[in-house]
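First the structure, in the form of structure tokens, and then the observations on it.
The values are calculated or read from the model by the stated rules, or taken from the named source; none is laboratory data. Quick caveat: nothing in here was measured; it's all calculated off a predicted structure. Quick reminder, even Gly has a Cβ in these numbers, built from the backbone with ideal geometry, and neighbours come from all protein chains shown. All accessible areas refer to the heavy atoms of the entire protein, side chains included, with ligands and DNA or RNA removed. Shrake-Rupley method; radii C 1.70, N 1.55, O 1.52, S 1.80 Å.
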Amino acid sequence: MDTNATPSDRLRRPRRGRVLLAGALGVLSAVTAVAVSVPADAAASTLGAAAAQSGRYFGTAISSSRLGDSNYTTIANREFNMVTAENEMKIDATEPNQGQFNFNNADRIYNWAVQNGKQVRGHTLAWHSQQPGWMQSLSGSALRQAMINHINGVMAHYKGKIPYWDVVNEAFDDSNGGRRDSNLQRTGNDWIEVAFRTARAADPAAKLCYNDYNIDNWTWAKTQGVYNMVKDFKSRGVPIDCVGLQGHFNSGSAYNSNYRTTLQSFAALGVDVAITELDVEGASSTTYANIVNDCLAVARCVGITVWGVRDSDSWRSSQTPLLFDGNGNKKAAYTSVLNALNNAAPNTSPSPTPPVSPSPSPSPTPPVSPSPGTSPQPGGCSATMRTVSSWPGGFQSEVTVTAGSSAVNGWTLNWTWSGGQTFSSVWNGTQSVSGSSVTVRNAPYNGSIAAGSSTTVGFTANGSAATPSVTCSS
């Protein structure tokens, strides 16, 4: 959600909202730290505790500027067990000058959350909006590299601390179901894939999410466009763990009874789903209860986040869309949500922990012949490299490592760049470079390969696409 939008922007774009989606270290691990113990025969008295009973979370967006408001923080601390930074983790806030990161306000929210026993969802790493001026001025390979560097820089700062990241936000067009025209899209259609692969390498433990608005109604072209992208990613091993549906419901984008179908359909692809920025014009008790019950009916719906604490904190305050009025009083919708959460059955199908060692296998675009590899030797290994995709000034490649007739316990790849290529990111391996000579060793989790089996290591690099000969030793 763009909380910096002008009133006229909000009138022109009544459906508009922003942010997170979510993934985690597994629903149970994500909630364990924040769950409140409730007697079996008693209903929970707060939203977070009630959601935790079914292995879910109930969160809110927090603004660092309001952390000095005791009414605000009292409600937020009492009611919610997950926090999303409203603007403080977005691109313009965390990298105001190229290569110079600033986490002061983001850390203020993060520290407040963890000090009060809550977890934090990261929002957002790659987005066409709220880019700092220096990023807006870039294009092509320079912008692509800046996106990669930004993801690496932010995720390195919070590595192992944030269970869910909105890796890419609002990349689809509102009307035709295709990609939104943006400076990021103009770097190449694979930019979303590259963002997710970069994020997986930066923090393998985090769940990686795609987040968007107006993907609630199953019949809409935009919903189908995002669904088809996720389906494609899952079929090719692109690391995506979750989809965030923002859930900004109003007269221009009303709640529809097929919402549960939408949640179920995404979940059936093998990803978690989360409602990430919920607000409902007029705060209808019935609509809020229906939305919550739709989430509760889908085992992989991991949680719900409302976009603000009180109506006065909402980016759509005139629509009074939240669960607390401007004075912090509970509204009728609050009671309907709490009752729905308390009536939920335990979630017996928790979301699995995200894979630590993804094995992507995308089709090369364009097709490139694999580089020659060594023949498998007893107890040894062989390797082949292929180019997955390329763009002006950069490319992405994958190396398949195969064990010979005996198991391999630890492997090392070597090759030589011939055109001055340099790494920008590597996943499923650790690299060292000496001049044009490259060495890539297994990561801690994928060094052991059974006889005849394979694993993969991937990377993005600067320069012209190349597929040099690779040797493998074990």
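For the reader, a short list of remarks on this structure follows.
- In this Cβ point-charge picture (+1 for Lys and Arg, -1 for Asp and Glu), segment 166-306 has a dipole of about 480 debye about its Cα centre.
- Here the 3J(HN,Hα) profile of segment 80-90, calculated from phi with Karplus coefficients 6.51, -1.76 and 1.60 at θ = phi - 60°, is 10, 10, 9, 10, 10, 5, 5, 9, 6, 9, 6 Hz, Gly and Pro shown as x.
- Two-site FRET efficiency, Gln431 against Ala297, from Cβ-Cβ distance with R₀ of 41 Å, rounded to 0.05: 0.35
- The Cα-based radius of gyration of segment 117-276, divided by its Kirkwood radius, gives an Rg/Rh of 0.96.
- Around the amide H of Gly410, modelled in the peptide plane, lie the amide H atoms of Ser448, Ile449, all under 5 Å away and 5 or more residues distant in sequence or on another chain.
- Residues whose placed amide H lies under 5 Å from that of Arg180, excluding near-sequence neighbours: Phe172, Asp173
- Segment 251-325 - Kirkwood radius from inverse mean 1/r over Cα pairs (Å): 12.9 Å
- Between Asn176 and Ala407, residue separation times 0.36 nm minus the direct Cα-Cα distance comes to 78.1 nm.
- With the charge dipole of segment 177-309 set up from +1 on Lys and Arg Cβ and -1 on Asp and Glu Cβ about the Cα centre, the Cα lying farthest toward the positive end among the listed residues Thr276, Leu263, Phe196 is that of Phe196.
- Heavy-atom SASA rank of Arg310, Arg186, Arg300 (probe 1.4 Å, accessible area, largest first): Arg186, Arg300, Arg310
- Hz values of 3J(HN,Hα) by residue in segment 435-444 - Karplus curve (6.51, -1.76, 1.60), Gly and Pro given as x: x, 9, 8, 10, 10, 10, 10, 4, 6, x
- Taking the centroid of alpha carbons for each part, segment 235-268 and segment 414-445 are 38 Å apart.
- Aspartates and glutamates whose Cα lies under 17 Å from that of Lys331, excluding same-chain neighbours fewer than 8 positions away: Glu79, Asp279, Glu281, Asp311, Asp313
- Over segment 132-252, accessible surface divided per residue gives 28 Å², non-protein components excluded, 1.4 Å probe.
- Length, then width, then depth: along the principal axes, the Cα atoms of segment 250-292 run 34, 19, 18 Å.
- In range of the label at Asn111: residues from segment 118-160 whose backbone nitrogen is under 20 Å from the point 7 Å along Cα→Cβ: 118-123, 154-160
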